[in-house]
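Data first, discussion second: the structure below is written as structure tokens.
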Amino acid sequence: MFFKNKNLLLLHFIVFIWGWSPILGKLINIEGIIAYQLVWFRMLLTVVTVAIYLIITKQNIKLPRKDILQLVGIGAIIAFHWFCFYNAINVSNVSVTLVAFATGTLFTSIIEPLFYKRKFIRYEIIFGMVIIGAIAMIFKVETRYTLGIIFGMLAALTSSFFTVFNGLLVRRIPSSLIAIYELSGGFLVLTAYLFFKGEFTPIFFTLSTKGFAWLAILSVVGTAYPFIASVNLMKKISPYTVTLTVNLETIYGIIIAFILWKKEEAMTPGFYIGTLIILATIFGNSLLKQYMKKTLDI
């Protein structure tokens, strides 16, 4: 029943891939690569991958100037989102970052109706508030990770914005073009920022072989394919459902991180209670949507 819809099944597969992103982020950090350095190389490698895909498929990449400017602006948001996400991992750990990232559900339940010009759905707000309550519980018992929680929530907020914006743009722009322009735009904006800050030193471009390998896997397998596929799914699934389902990344990531780094990732009972509440909310939303759809069809 839960995976009856093939689009939801594909979405869950993409989210499973994303569940490995924080794991790869931590492995890259272990190799001495810091957050903004990770984001810069990730965007560069992903842009190259998507560009190769567009060349092979011989797609026309021409777009009106207005659309290009919008996509570049969203790309800048994506760059900041990734910085917040991986910096949260740096200052806390994978588990805390992923749970804080789950606040995107509440943000999207507020942002989506504003841009889609529809009424607020009461149960979406309720589900979002339940997740915020779970986050507050975790905040209370894991005070040493306050900065990580803040960066994780900033990552969730920015994710909600570009998810909603892409949901609107994909109605008239192919997902592959959205990917190339957004990621290229974000890369250029980040490059300009780092250049004027004087961050481009020889050390910046010095990567270990293992660090570069993890970056390549993160960029090609963990970013290029799921980015295009997830944006394309926006034609068939609402941004709110996408954001809520993406919270499963929290579950996948926490389990994988605990297996790999048991001592570093072990948390208090309150943390896991909050995580279970988030998981129950995700499944509850999916079941309620299916029930309401069947009721309306009848």
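If a residue has to be of a type in the set (Gly, Ala, Ser) and under 26 Å from the mean Cα position of the chain (by Cα) to count, how many in segment 186-206 make the cut?
The number of residues fulfilling the criteria is 2.
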Would you confirm whether any residue within segment 178-188 is among the polar types (S, T, N, Q), touching a residue at least 24 places away in the same chain (Cβ under 8 Å), touching a Ser or Thr at 6+ places or on another chain (Cβ under 6 Å) and surrounded by 17 or more Cβ atoms within 10 Å (Cβ to Cβ)? no
Where in segment 1-120 are the helices (runs of 4 or more DSSP H), entirely inside, with at least 3 residues that are closer than 23 Å to Phe205 by Cα? 21-30, 35-57, 65-91
So which pairs qualify, if the first residue must be in segment 1-14 and at pLDDT below 75, the second must be of a type outside the set (A, V, I, L, M, F, W, C), the Cβ gap must be under 8 Å, and the two must be at least 6 apart or on different chains? Met1/Gln290; Phe2/Ser286; Phe3/His12; Lys4/Gln290
Go through segment 51-100 residue by residue and tally those that are touching a Ser or Thr at 6+ places or on another chain (Cβ under 7 Å), among the hydrophobic types (A, V, I, L, M, F, W, C) and under 19 Å from Ile217 (Cα atoms). 2
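With Ile131, Ile138, Ile149 as the choices, which residue is of a type in the set (Val, Ile, Thr) and more than 26 Å from Leu27 (Cα to Cα)?
On the way: Ile138 fails: more than 26 Å from Leu27 (Cα to Cα); Ile149 fails: more than 26 Å from Leu27 (Cα to Cα).
Within the list Ile131, Ile138, Ile149, the selection yields Ile131.
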If a residue has to be of a type in the set (D, E, K, R), more than 25 Å from Leu287 (Cβ to Cβ) and loosely packed, with under 15 Cβ neighbours inside 10 Å to count, how many in segment 109-148 make the cut? 3
Scope segment 1-58; condition β-branched (Val, Ile, Thr), under 24 Å from Thr250 (Cβ atoms) and surrounded by fewer than 16 Cβ atoms within 10 Å (Cβ to Cβ); matching residues: Ile30, Ile34
Identify, from the list Thr146, Thr163, Thr108, Thr158, the residue that is of a type in the set (Ser, Thr, Tyr) and free of Cβ contacts under 8 Å to residues at least 60 places away in the same chain. Thr146
When segment 62-71 is examined, which residues are found to be of a type in the set (A, V, I, L, M, F, W, C) and surrounded by 14 or more Cβ atoms within 10 Å (Cβ to Cβ)? Leu63, Ile68, Leu71
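The values are calculated or read from the model by the stated rules, or taken from the named source; none is laboratory data. Not measured: the values here are computed from a predicted model. With ideal geometry, Cβ positions are generated from the backbone for all residues, glycine too; neighbour counts draw on all protein chains shown.
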